[in-house]
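Chemist: The structure that follows is given in the form of structure tokens.
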Amino acid sequence: MMIKEYREFNADEIKSLYDSVGWKAYTENMDNLMRGFKNSLKVLAAFDGNKLIGIIRAVGDGFTMVFIQDVLVIPSEQGKGVGKSLLKAMIDLYPEVRQIELATDIDTKTIGFYKSLGFKELSELGCCGFMRLL
């Protein structure tokens, strides 16, 4: 597996990756997803040879705050350290950033994954979070 910056948006491989994990709400408007990628702070991808197997996308200013928008790994590669490697690679790019945040589904496995990497639920930090969906 190789992790590198994802600079050239390939709609077919991105759609395939997002759809493989059931994130079809994002792929219903590929133009918006492409604009989201292009306006991201940083996008890293994991490849097995030439095959895209995972991606992580961050937004924010890169100095005081980074928000991990997407972490996706194709189902056949989940549980093999791809997501962990992507997250660590992204965090390593911003060692001085005070806040690295993310939002995720309430799922015991997913919560355990992020906690194993040092993330805490906002309530553990005396905070709460809000989201507005359209």
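The values are calculated or read from the model by the stated rules, or taken from the named source; none is laboratory data. The shown structure was predicted, so the numbers you read here are calculated from the model rather than taken from an experiment. Reconstructed Cβ throughout: ideal geometry from the backbone, glycine too, with neighbour counts over all protein chains shown. These area figures cover heavy atoms from the full protein model, side chains too; ligands, DNA and RNA do not enter into them. Shrake-Rupley method; radii C 1.70, N 1.55, O 1.52, S 1.80 Å.
Chemist: How about the stretch 6-115: which GluC sites (Glu not before Pro) there are in a DSSP loop, with at most 12 other Cβ atoms within 10 Å of their Cβ?
Modeler: Filter output for the stretch 6-115: E8, E28, E96.
Chemist: Please turn the phi angles of the stretch 125-134 into ³J(HN,Hα) values with the Karplus equation 6.51 cos²θ - 1.76 cosθ + 1.60 (θ = phi - 60°), one per residue in order, whole Hz, x for glycine and proline.
Modeler: Computed from phi, the couplings for the stretch 125-134 are 9, x, 10, 9, x, 9, 9, 10, 9, 8 Hz.
Chemist: Right, another one. Using 1/(1 + (r/R0)^6) with R0 = 22 angstrom and r between the beta carbons of K80 and L122, what's the FRET efficiency to the nearest 0.05?
Modeler: 0.15
Chemist: How many percent of the accessible area of the chain is carbon or sulfur, using a 1.4 Å probe?
Modeler: 51
Chemist: In nm, to one decimal, how far is the S16 label point from the F67 one, both placed 7 Å along Cα→Cβ?
Modeler: Between S16 and F67, the label points sit 3.0 nm apart.
Chemist: R35 versus T110, label points 7 Å from Cα toward the beta carbon: distance in nm?
Modeler: The answer from the label model is 2.5 nm.
Chemist: Something else about it: Accessible area per residue for the stretch 1-63 in Å², computed with a 1.4 Å probe and the full protein assembly in place, what is it?
Modeler: It amounts to 59 Å² per residue over the stretch 1-63.
Chemist: Output ³J(HN,Hα) for the stretch 5-14: one whole-Hz value per residue in order, computed from phi by the Karplus curve 6.51 cos²θ - 1.76 cosθ + 1.60 with θ = phi - 60°, and x for Gly and Pro.
Modeler: These are the phi-based 3J(HN,Hα) values: 5, 9, 9, 10, 5, 10, 4, 5, 6, 5 Hz.
Chemist: Calculated FRET efficiency, T27 and R7, Cβ-Cβ r, R0 22 Å, to nearest 0.05?
Modeler: 0.65
Chemist: Looking at (1) 18.5; (2) 7.3; (3) 8.4, which value of mean projected area of the Cα convex hull in nm² comes from a calculation on the structure shown?
Modeler: Computed from the coordinates, mean projected area of the Cα convex hull in nm² corresponds to (3).
Chemist: Hey, got a sec? Which trypsin sites (Lys or Arg not before Pro) in the stretch 54-102 land in a DSSP loop and have at most 10 other Cβ atoms within 10 Å?
Modeler: R98
Chemist: Please list, ordered by chain and number, the residues whose modelled amide H lies under 5 Å from the amide H of D70; skip anything fewer than 5 residues away on the same chain.
Modeler: Amide H to amide H, under 5 Å and 5 or more residues apart or across chains, D70 pairs with R57.
Chemist: For a quick check, take a GNM of the chain with Cα springs below 10 Å and name the residue from A103, A46, A58 with the largest mean-square fluctuation.
Modeler: Sorting by GNM fluctuation, first place goes to A103.
Chemist: Okay, next question. What do the square roots of 5 times the Cα gyration tensor eigenvalues come to for the stretch 43-113, in whole Å, largest first, as semi-axes of the equivalent ellipsoid?
Modeler: Computed over the stretch 43-113, the values are 21, 16, 9 Å.
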